Amino acid sequence: MPKSAISNYIAKKQMPRGDNALALARALNVPLEWLVDNEQDWPPPQVGAPTPAQLSDEDLMNEVARRYRIRLIEARGSLHRLKGVKWDEIAESLFQTPVEQPLPEKTQAALNNLLFFTGTLYYAGATYDPRVHANEHHANMPGNTEPLGTLDLSTIREEWERWSQENELVGLVQLYWTWLQTNRRGHGQADGAGPVQRFLKEIRSGMYAPEAVAKAKAMLVPARKRRSS
């Protein structure tokens with residue numbers, strides 16, 4: 001946030017936008033309601049640590065990603081140590097040691113590292129993958145009354161792809177709307193039928209059925225010409 005914005009809030013007694021007010025409250029470590037309410041007393045109350053539900057998606061995922069990376073760093077270091085072990089010697093030592101006797105220290109250390117490595121891989125995959133975690137804790141998650149298989153991202157994406165292929169105009173509508181927004185941001189209001197013709201030229205070379213493109217052309221061009229006349 002620029003210093004000039006903060007100066008305006010103070011000098012001109014302007015109220016910051018909601019997102020800026022929240023950013024200021026977090027930076028100052030004060031409650032948002034205290035910051036925006038002029039009748040609140042000084043000093044500000046202590047801010048408790050936010051619960052996971054109060055974190056933004058970005059903050060929450062940053063923390064999950066940070067912990068995930070720590071596990072991966074540990075796993076990578078463990079893997080490097082495993083690569084330096086002479087496993088023929090470890091195997092011979094393990095297989096020749098009687099069951100009732102303790103393993104040699106070197107053999108035990110190598111096996112401990114092996115178990116740590118494989119355990120870390122499983123833990124990182126199961127703990128920090130939200131899909132795995134949500135499925136394992138389905139009964140305590142939102143949507144727990146739905147069949148588990150219906151709440152998988154891949155399943156929903158596949159359903160969308162099948163449906164949109166059967167209804168190609170939906171895909172063309174989405175593509176055109178995205179294209180139109182980009183065109184307007186870059187050039188102001190779209191200039192009549194010209195941009196539509198360029199858009200149709202682009203999609204003709206794509207994977208859309210000629211029938212769907214023809215329908216889009218029949219609907220788009222006359223409408224754009226009427227608005228531009």
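Coordinate-derived values only; no laboratory data. Treat the numbers as computed from the prediction; the structure is a model and nothing was measured. All Cβ positions, glycine included, derive from the backbone under ideal geometry; neighbour counts span all protein chains shown.
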Applied in sequence order to segment 80-89, the curve 6.51 cos²θ - 1.76 cosθ + 1.60 (Karplus, θ = phi - 60°) yields integer Hz couplings, x standing for Gly and Pro, of 4, 5, 5, 5, x, 8, 8, 6, 5, 5
Taking R0 as 30 Å, what's the FRET efficiency between residue 97 and residue 118 from their Cβ-Cβ distance, rounded to 0.05? 0.90
Based on the Cβ-Cβ distance of residue 68 and residue 181, what FRET efficiency does E = 1/(1 + (r/R0)^6) give at R0 = 41 Å, to the nearest 0.05? 0.75
Quick one: net charge around residue 136, please, counting Lys, Arg +1 and Asp, Glu -1 for every other residue with C-beta under 15 Å from its C-beta. -1
Any idea how far apart residue 29 and residue 157 come out in nm if each label point goes 7 Å out from Cα toward Cβ? 4.1 nm
Spin-label model distance (nm) - residue 150 vs residue 131, 7 Å beyond Cα toward Cβ: 1.9 nm
